[in-house]
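Reviewing the structure listed below.
Just so it is clear, none of the values below were taken in a lab; they were calculated from the coordinates. Just so we're clear, the structure is a prediction, and the values are computed from it rather than from any experiment. With ideal geometry, Cβ positions are generated from the backbone for all residues, glycine too; neighbour counts draw on all protein chains shown.
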Amino acid sequence: MTTTYALSIVAPCYNEAEGLGAFVARMTRAASAVVGENYELILVDDGSRDRTWAVMSELAQTHLAIVAVRLARNHGHQLAVTAGLSLVRGDRVMVIDADLQDPPELVGDMIARLDEGYDVVFGRRRRRAGESPFKRATASLFYRTLAAMSEHDIPVDTGDFRLMSRRIVDRLNAMPERDRFIRGMVAWLGGRQTELLYDRDARHAGVTHYTLRRMVRLAADGLIGFSTAPLRLATLMAMIGVLAGVGLLAYILAGLFVGSTVPGWASLALIVVCFSTAQLVCLSIFGEYLGRTYMQAKGRPLYMIDEITCVSRSDETKS
């Protein structure tokens with residue numbers, strides 16, 4: 001398939017059967033208002049357990065613009081986006097979740113900003129409706145911690161909702177790392193990038209699939225993938241341990257010279273606990289980096305596609 005479109009839209013989906021129809025209706029209406037029929041909407045089923053693939057396939061049979069992609073299993077949001085990006089044929093590429101928290105209608109504003117010469121227009125959340133205070137607080141803490149620790153300028157309060165030029169997407173697709181943090185990878189690529197402020201809506205249907213475990217994992221991918229600060233932290237902790245050990249040795253020798261004794265098991269236990277904890281923390285940090293290096297060295301595919309469904313257009317071959 002060699003056709004080039006003015007716009008490609010990638011939407012990862014996981015258990016979105018209930019709201020997928022509403023998303024497609026709004027997204028196709030918004031895209032048509034800007035580029036007519038010169039676009040494609042790539043829906044990626046990330047191993048859903050509900051009727052997402054069935055709904056997606058039905059939509060692909062009735063909408064010429066829709067390409068439905070089914071992954072072999074649940075690979076996670078970042079790899080689902082990566083799979084969609086590998087298939088795009090548009091000059092400009094939009095990434096948006098199918099839960100309608102990010103308004104599809106902003107595609108026109110984003111294209112207008114790209115027309116000004118930008119390579120990337122990313123949505124920056126001004127308000128986040130439908131999220132708990134805990135989710136908002138932890139998200140804010142994560143973004144600011146990442147910004148402080150990262151060796152690259154990663155914008156705060158942003159997700160993967162963005163519009164990119166084809167040049168940026170081609171460079172992004174050429175990056176082979178397994179533990180992907182796409183918003184950080186795009187920031188690392190550079191070029192002219194700008195923000196578009198917007199208010200994030202509540203989910204149209206269903207519940208969030210980003211559990212606390214998934215959020216922690218994503219945070220780890222961001223921190224470890226774009227910063228060596230944890231390794232420097234381990235070095236700092238080791239230096240503090242050495243200084244503390246020297247101080248304790250001086251204290252003990254001073255006590256011997258003046259004839260006093262260091263009483264009790266409590267001080268000994270405290271010393272053992274402090275140094276052991278510091279060692280375990282350092283080993284866990286080293287283990288995270290080593291484990292990711294090991295997984296990357298295996299060279300396994302990032303994702304596996306089981307099936308692609310779409311309706312043939314006049315100048316294409318049906319997949």
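Stretched out straight at 0.36 nm per residue, the stretch from D109 to T4 would grow longer than its current Cα-Cα span by 35.6 nm.
Estimated at 0.36 nm per residue, the fully extended path between I240 and T62 surpasses their Cα-Cα distance by 57.6 nm. Once the C-beta distance of L280 and L302 is scaled by a Förster radius of 35 Å, the resulting FRET efficiency is 0.65 to the nearest 0.05.
What are the GluC sites (Glu not before Pro) within segment 76-133 that DSSP puts in a loop, where the Cβ has at most 10 other Cβ atoms within 10 Å?
Values: sites: E105, E116, E131; in loops: E116, E131.
Here the sparse-neighbourhood loop sites are E116.
Subtracting the Cα-Cα distance of V311 and T145 from their residue separation scaled by 0.36 nm leaves 55.2 nm.
Loop-located trypsin sites (Lys or Arg not before Pro) in segment 29-122 (DSSP state other than H, G, I, E, B) with a sparse environment of at most 12 neighbouring Cβ atoms within 10 Å: R49, R73.
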